[in-house]
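J.: Take this structure, written in structure tokens, and hold onto it; I'll ask about it next.
The values are calculated or read from the model by the stated rules, or taken from the named source; none is laboratory data. Because the structure is predicted, anything quoted here is derived from the model rather than measured. All Cβ positions, glycine included, derive from the backbone under ideal geometry; neighbour counts span all protein chains shown. For accessibility, only protein heavy atoms count, side chains too; no ligands or nucleic acids. Shrake-Rupley method; radii C 1.70, N 1.55, O 1.52, S 1.80 Å.
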Amino acid sequence: MNEKNFSLDKYQNEVINCDTNALIIAAAGSGKTFTLIKKVQYLIENKNVNPTDIAMISFTNASVNDIKSRLDYDIDVFTFHKLSINILEKAKVNYQLLNNNLLYYIIRETILTCPPQQQKQILNFLKIKTTFNNFCYSQEFNSFIKFIETFINLWKTNSLNFNDISLKRLSKKEKEILTFIFNIYKKYLEEKASTNSFDFDDLIIIAKNYVKDAQLSYKYLIIDEFQDTSTIRYNLIQEIQKYTKAKIIVVGDDYQSIYRFSGCNLNIFLTFTEKIENVKTIKLKNVYRNSQELIDIANKFITKNPLQIKKELISDKSDSNPIIFSPYHNPQIMFKKLLDYLLNFSSNIMILTRNHKDIFSYIDEEFSLNDTSLIYKNIILPFYTVHKSKGLESDYVIILNCNNTLLGFPNQIENNFLINKIIPHNEIKFAEERRLFYVGLTRCRLKTFLLYDKHNPSSFIKELKKIVKSRLKKIAYFH
């Protein structure tokens, strides 16, 4: 859409005119970024706010760059890490950034050099019956490193201490591994301290202590993708608001909270109005991307999660078959058949997978592939994992591997019990996978195609078919 000429709807106007702390619940395709851009413009042009008194914070470098490219004014736009670096620099804090791989190397070295007793504890914890030497050359070894790395990162992003874990509910082998992990964490802290180095999460944690020294003077804090905020990020924002007395405007969609594995805590979004005084909640109800039929189906699907905020979403688009089910015997044949069909009238196609490697089951020598695109018949097609597709859209979307397998959609790998002890978790099974699938479903402007093994459809496919049938009376297939 042409943002220069596009008019604001009544919900977007409510955001523009609101002059208190605000929680803006912005559904997929509701013009969220456009509204934020207009909010900044209104503050500067109508409220005479100095651009230096406004800061916007978003989740990724890509979203920050997108916002900057669409702004007519030079305001501060940061990721949380860049905001933290800015605070530390203004406060004249001396530090150096840590090698990103240090934690990995410490974990790997500690495992490889651990004594025989701990070797037995590790194999016992993982329920692996092999020699330790064989284990160290297996995929399970890499997975164990990843598990420890994830545990430590989640421990930090949730601002936990040892007393936050109830040892009473842990088995002997879990207590042994917990001790092993904390010894690794101690080594990591000692290594950082010896060189006065910070990792990315440290930047956010430490910056909180230097907000006053940085002498920030913001009057408005606008925080995008707030559904994906972690405890340490929220603590930093609270400290900035406490010092500056800035009005805080948070924007997000609980339906699209998909980064729990990296420490993001949806509960912060859901309880925001309880923690900050004088907050106005505004829901952007008009959706400009999807048809009403797709919205109704996707909303019925996502609200199976009891902790989601139910929303009335409205679109002036209509499509009697917005979701097309594509069962196959052979994934490569079906994928090419579908692409050949769509390319007859459009090249505006996005390919989505749950896991990056899923794509290899669907392509052959007729395709070329790089990180973000698939080339077929000399036509470049955008290709992303669903996580990477958030915020993007296309006329047609194809979601692959909607199969009932361990790495299908939903992904059925469950967190280790110790991970679940440190991530706030009071949701139904596959709650986050459900939100991820919702993100995939809502990327399309026209239609979404779901590819799955005819003899092994995922639970999401079965559930979605029932919803479609109840809503539209007829299920659309592409064979």
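J.: If ligands, DNA and RNA are left out, what is the accessible area of residue 443 with a 1.4 Å probe, given in Å² to the nearest 10?
T.: Probe radius 1.4 Å; accessible area of residue 443 about 0 Å².
J.: With θ taken as phi - 60° and the coefficients 6.51, -1.76 and 1.60, list the Karplus ³J(HN,Hα) couplings across segment 186-191 in order, rounded to whole Hz; mark glycine and proline as x.
T.: Result, ordered by residue: 5, 4, 5, 5, 5, 5 Hz.
J.: Let me ask something else about it. Using the Cα centre of segment 283-348 as origin and beta-carbon charges of +1 (Lys, Arg) and -1 (Asp, Glu), tell me which of 320, 341, 301 is placed farthest towards the positive end of the dipole.
T.: Result: 301, furthest along the dipole toward the positive end.
J.: I would also like to ask the following. If exposed means no more than 11 neighbouring beta carbons inside 10 Å and the site is in a DSSP loop, what's the longest run of the chain without any exposed chymotrypsin sites (Phe, Trp or Tyr not before Pro)?
T.: On the way: sites that count: 137, 345.
Formally, the longest exposed-site-free interval is 138-344.
J.: For segment 55-109, what is the relative contact order in percent, using Cα pairs closer than 8 Å and at least 6 residues apart in sequence?
T.: Numbers: 28 pairs, mean separation 18.4, N = 55.
RCO, segment 55-109: 33 percent.
J.: Residue farthest toward the positive end of the dipole of segment 327-479, with Cβ of Lys/Arg at +1 and Asp/Glu at -1: which of 400, 375, 332?
T.: The residue sitting most towards the positive pole is 400.
J.: Short version: what are the Cα gyration tensor semi-axes of segment 81-167, square root of 5 times each eigenvalue, largest first, in whole Å? Intermediate values should be presented prior to the final figure.
T.: Values: eigenvalues 229, 54, 23 Å².
Semi-axes from the Cα gyration tensor: 34, 16, 11 Å.
J.: Give the distance, in whole Å, between the Cα centre of segment 305-325 and the Cα centre of segment 14-42.
T.: Their Cα centres are 21 Å away from one another.
J.: Then there is this: With an 8 Å Cα cut-off and a minimum separation of 6 or more residues, compute the relative contact order for the chain in percent. Walk me through the intermediate numbers first.
T.: Details: 743 pairs, mean separation 91.4, N = 479.
Value for the chain: 19 percent.
J.: Relative contact order (percent) for segment 157-296, with alpha-carbon contacts under 8 angstrom and 6 or more residues of separation?
T.: On the way: 109 pairs, mean separation 33.1, N = 140.
Relative contact order of segment 157-296: 24 percent.
J.: Express the Stokes-Einstein translational diffusion coefficient of the chain in µm² s⁻¹, to the nearest whole number, given a Kirkwood radius over alpha-carbon pairs, 4 °C and a viscosity of 1.567 mPa s.
T.: Working: Rh = 24.6 Å.
D = 53 µm²/s.
J.: When the helix-only estimate is applied to the chain (DSSP H runs of n ≥ 4, each -39,500 (n - 2.57), divided by the residue count), what is the mean residue ellipticity at 222 nm, nearest 500 deg cm²/dmol? Before the final figure, lay out the partial values.
T.: On the way: 20 runs with 205 residues, N = 479.
Value at 222 nm, helices only, nearest 500: -12500 deg cm²/dmol.
J.: May I pose another question? Assuming R0 = 45 Å, what is the FRET efficiency of residue 114 and residue 48, from their Cβ-Cβ distance, to the nearest 0.05?
T.: Numbers: r = 63 Å, r/R0 = 1.41.
Given R0 = 45 Å and the Cβ-Cβ separation, E is 0.10.
J.: With θ taken as phi - 60° and the coefficients 6.51, -1.76 and 1.60, list the Karplus ³J(HN,Hα) couplings across segment 259-275 in order, rounded to whole Hz; mark glycine and proline as x.
T.: 3J(HN,Hα) across segment 259-275, in whole Hz: 10, 4, 5, 9, x, 6, 10, 4, 4, 4, 5, 5, 10, 4, 5, 7, 9.
J.: I've got another one for you. Of the accessible area of the chain, with the probe set at 1.4 angstrom, what percent is carbon plus sulfur? Display every interim value, and only then the final one.
T.: On the way: 10620 of 22460 Å².
Carbon and sulfur: 47 percent of the exposed surface of the chain.
J.: Could you derive backbone 3J(HN,Hα) for segment 201-217 from the dihedral phi with the Karplus parameters 6.51, -1.76 and 1.60 (θ = phi - 60°), listing whole Hz in sequence and x where the residue is Gly or Pro?
T.: Running phi through 6.51 cos²θ - 1.76 cosθ + 1.60 with θ = phi - 60° gives 5, 4, 3, 5, 5, 6, 4, 4, 7, 10, 4, 5, 5, 6, 6, 5, 10 Hz.
J.: Could you compute the net charge surrounding residue 239? Neighbours are other residues with a C-beta less than 9 Å from the C-beta of residue 239; K and R count +1, D and E count -1.
T.: Combined, the nearby Lys, Arg, Asp and Glu give +3.
J.: Name the long-range amide H neighbours of residue 456: under 5 Å, sequence gap of 5 or more, or other chain; modelled H, no Pro or chain starts.
T.: none
J.: Can you figure out the FRET efficiency of residue 412 with residue 20, using R₀ = 41 Å and their beta-carbon distance, to the nearest 0.05? Spell out each step's value before the answer.
T.: Numbers: r = 44 Å, r/R0 = 1.07.
Once the sixth-power term is evaluated, E becomes 0.40.
J.: Provide 317, 337 ordered by accessible surface of protein heavy atoms (probe 1.4 Å), highest first. Numbers along the way, then the final one.
T.: Numbers: 317 65, 337 95 Å².
Per-residue accessible area, sorted high to low, gives 337, 317.
J.: Round to the nearest 10 and report in Å² the accessible area of residue 316, as given by a 1.4 Å probe over the protein chains' heavy atoms.
T.: 150 Å²
J.: Another one. Taking residue 156 as the anchor, which lysines have their alpha carbon closer than 16 Å to its alpha carbon, excluding any fewer than eight residues away along the same chain?
T.: The reachable lysines, counting only those whose Cα sits under 16 Å from residue 156, are 146, 186, 187, 192, 208, 421.
J.: Let me ask another. So what does log10 I(q)/I(0) come out to for segment 73-232 at q = 0.08, 0.09, 0.11, 0.12 Å⁻¹, using the Debye formula with one equal point on every Cα and no solvent?
T.: Results for segment 73-232 at q = 0.08, 0.09, 0.11, 0.12 Å⁻¹ read -0.33, -0.41, -0.58, -0.67.
J.: Follow-up. For segment 1-69, which trypsin sites (Lys or Arg not before Pro) are in a loop by DSSP, counting at most 13 other Cβ atoms within 10 Å? Could the numbers behind the result be given before it?
T.: Details: sites: 4, 10, 32, 38, 39, 47, 68; in loops: 4, 47.
For trypsin sites (Lys or Arg not before Pro) across segment 1-69 that sit outside H, G, I, E and B with at most 13 neighbouring Cβ atoms in 10 Å, the list reads 4, 47.
J.: At a probe size of 1.4 Å, how large is the accessible area of residue 402, to the nearest 10 Å²?
T.: Accessible area of residue 402: about 0 Å².
J.: How high is the FRET efficiency between residue 238 and residue 312 when r is their beta carbon distance and R₀ equals 35 Å, given to the nearest 0.05? Don't skip to the end; give the middle numbers.
T.: Details: r = 31 Å, r/R0 = 0.89.
Efficiency computed from Cβ-Cβ geometry: 0.65.
J.: Same structure again: What are the residues whose amide H is under 5 Å from the amide H of residue 286, where those residues sit 5 or more places off or on another chain and H is modelled from the backbone?
T.: When sequence neighbours closer than 5 places are left aside, the close amide H contacts are 314.
J.: Counting heavy atoms of the protein chains only and a 1.4 Å probe, report the per residue accessible area for segment 1-124 as a whole number of Å². It would help to have the intermediate numbers written out before the result.
T.: On the way: 6110 Å² over 124 residues.
Result: 49 Å² of accessible area for each residue.
J.: Just the number, please: percent antiparallel of the DSSP beta bridges in the chain, rounded to the nearest 5. Provide the component values of the computation, followed by the final result.
T.: Working: 9 of 54 bridges.
Just about 15 percent of them are antiparallel.
J.: Segment 203-324: D in µm²/s via Stokes-Einstein (Kirkwood Rh, Cα pairs, 10 °C, 1.306 mPa s)? Walk me through the intermediate numbers first.
T.: Numbers: Rh = 16.6 Å.
Value of D from the Cα-based Kirkwood radius: 96 µm²/s.
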